[in-house]
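A quick write-up on the structure given underneath.
Taken together, the values in this text are just the output of simple stated rules run on the coordinates, not laboratory data. None of these values were measured; they are calculated from a predicted model. All Cβ positions, glycine included, derive from the backbone under ideal geometry; neighbour counts span all protein chains shown.
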Amino acid sequence: MIATALAFAVTALGASLLEGAYLMPHRLRHRAPLATAMMLGLVLALFLLWFAVSWRPVFSATASLITLAIVAFISNFKYDVLLEPLSFADFLLVPQIFRHPDLYYADFLRRWWFWLGVAALLGVIAVWFAIEPTVLPRGFWPDTALLLVGAVVAIGFTTGLFLAGRAPVLGEALRRLAPRPQVPADTAHFGFFGATAIQIARWAATPPGRETPAPGAPHPRWPAPAPMRRTAPSIVVIQSESFFDLAEAGFPGEVLPVIAEARARAIAHGRLTVPTEGAWTMRTEYSFLTGRPLAQFAFDALDPYLRAAFQPPQTIAQRLREDGYATHFVHPFDIRFFQRDRIVPILGFDAAIGSEAFAPTDTYGYYLSDRALGEKVLEVVPGPGPDFVFGVSMENHNPWKRGRIPEIPDPVHQYRRHLRNADAMLGMLIAELDRRDRDTLLLFYGDHVPIMRALAHPFPDPRTHYVLLRCGRSVGPASPRRFDTGVEALAGMLLDAAREG
């Protein structure tokens, strides 16, 4: 028992030293006592987990510290790339990392030397188990009883972490400590492990999908449901991966001709404030669909799809379906990513179309092309009634590195080629929709700025761009206006334009 207590003390000290050496710009200086207690609870749960597996104090301390060091290293790497350290929501993405390692800069998972290292590590553990004696007494029943006790204790501490935010006094203290998710600031104030424990407790204490608008915050200006008009316009929305108009934002780069022409006939266009930079596409996606700033969803904002099924929010897809629209979600990638196969129908879509609907020859670079996405959208739109199609592109997703496009070795030039392809897709959509009898509202916007050090890191202005226009044979001249806004306002703008049209 004494040896085990000493081993945990060493683990706790090591965790504190790891946080003290944290590589974020604002290193941990002072931490509230409650944050320290939460950190110790998280470290204790990890230590007990390893102890329940091994019943060897020194091994448990070593394994815990190695685990914490690896997690801290990954968090530092994520901050260096995305300017956001790990949050508890990132740990739930591990299955996606193994399915699509390239998206997470984890292509080493496909290398033989990595798995050889894993096998060597397992060999070291086997030797360690042979050298360090177990603290379990001999005999089947005592062994079994102690194993059960250890498992119950470990599960109990973990459960307590999830229930801490619901306790009256402790929950109120945690709410004052972390009223809303601010991952970089929380990590700097409470340390990485303390911030992770607080996030878990606060997230678990918040009802699923609960909207928490600030006092006086406006709700979406969505018109009330109305009977479908025979002339109701179809609606096509393209959320373009990493789209950012370099020339319009003042960066070196050629003018994108199609989006420049689209602005000249647009209902509205401008810079677009989005809730993320470089990654987390579905945060922007969710904010658009719900018509709300992502911050209004409290700690669910870290991964809004995680619990969306428990209390689905109102979305533009649901709203349009009430008006008689056929609703389609098109994403040329694994539709299981971010649980879209399960969540998208709950959010109001009649159909979810993923990579299985595309041909392997539709690939450009690493992913299915924007042109293929545009062609698929045009296949869906000419339904018997008005259609709402939400296309989420993939072609311009990171990483940009040598070999992605054989004839273009430079990552910045690769990115610019993908931008031109997105611009060409927009042109293809406009040209085809202009030939059709049914008018169509076409919205095109970027989900976030790219991870592109050669351009900027961080971007001085992380806003992307959008353009909203009418297409169709009967469309007359427009009076374009520049209107900078947030992605949460676009759904209301679409519904207003559909009602006016």
**Prompt:** Rounded, prolate or oblate: which fits the range 234-500, taking a ≥ b ≥ c as square roots of the Cα gyration tensor eigenvalues, rounded meaning a/c under 1.5, else prolate when a/b beats b/c?
**Reply:** rounded
**Request:** Only Cα pairs under 8 Å and at least 6 apart count here; give the relative contact order of the chain as a rounded whole percent.
**Result:** 20 percent
**Request:** List, in order, the whole-Hz ³J(HN,Hα) value for each residue of the range 478-487 obtained from phi through the Karplus relation with A = 6.51, B = -1.76, C = 1.60 and θ = phi - 60°; use x for Gly and Pro.
**Result:** 10, 10, x, 9, 7, 9, 7, 8, x, 4
**Complete:** Out of 313, 39, 413 - ranked by how far each Cα lies towards the positive end of the dipole of the chain, with unit charges on the beta-carbon of charged residues - the top one is 39
**Item:** Percent of beta bridges antiparallel (DSSP, the chain, rounded to nearest 5)
**Value:** 40 percent
**Complete:** Relative contact order as a percentage, the range 41-106, C-alpha pairs under 8 Å and 6+ apart, gives 15 percent
**Fill in**
When the charge dipole of the range 234-500 is computed with +1 at the Cβ of Lys and Arg and -1 at the Cβ of Asp and Glu, the Cα pointing farthest to the positive end, of 252, 466, 353, is that of 252
**Prompt:** When the Karplus curve 6.51 cos²θ - 1.76 cosθ + 1.60 is applied with θ = phi - 60°, which whole-Hz ³J(HN,Hα) does each residue of the range 43-50 get, with x for Gly and Pro?
**Reply:** 5, 5, 4, 5, 4, 5, 4, 5
**Complete:** The distance between the Cα centres of the range 231-266 and the range 425-479, in whole Å, is 4 Å
**Complete:** Note, the range 60-75: 3J(HN,Hα) by Karplus (6.51, -1.76, 1.60, θ = phi - 60°), whole Hz, Gly/Pro = x, goes 4, 5, 5, 5, 5, 5, 5, 4, 5, 5, 5, 5, 5, 4, 4, 5
**Fill in**
Computed over the Cα atoms of the chain, the Rg and Dmax in Å are 25.7, 87
**Asked** So how do 99-108, 445-454 stack up, highest first, on mean other-Cβ count within 10 Å?
**Response** 445-454, 99-108
**Item:** Built amide H within the under 5 Å cut-off of residue 394, gap 5+
**Value:** 241
**Prompt:** Counting Lys and Arg as +1 and Asp and Glu as -1, each charge on the Cβ, what is the dipole of the chain about the Cα centre in debye, to the nearest 20?
**Reply:** 740 debye
**Fill in**
Rounded to the nearest whole number, the per residue volume of the convex hull around the C-alpha atoms of the range 1-137 in Å³ is 132 Å³
**Prompt:** Taking amide hydrogens as modeled 1.01 Å from N in the peptide plane, which residues meet the under 5 Å criterion relative to residue 270, leaving out close sequence neighbours?
**Reply:** 466, 483
**Request:** Starting with the fewest neighbours, write out 300, 90, 423 ranked by other beta-carbon atoms found within 10 Å of each beta-carbon.
**Result:** 90, 423, 300
**Prompt:** For helix 411-434, what angle does its Cα long axis make with the longest principal axis of the chain, in degrees from 0 to 90 and rounded to 10?
**Reply:** 40 degrees
**Fill in**
Sorted by chain and then number, the residues having a modelled amide H within less than 5 Å of the amide H of residue 446, at least 5 places away or on another chain, are 240, 465
**Residue-averaged 222 nm ellipticity for the chain, from DSSP H runs of 4+ at -39500 (n - 2.57), nearest 500** = -15000 deg cm²/dmol
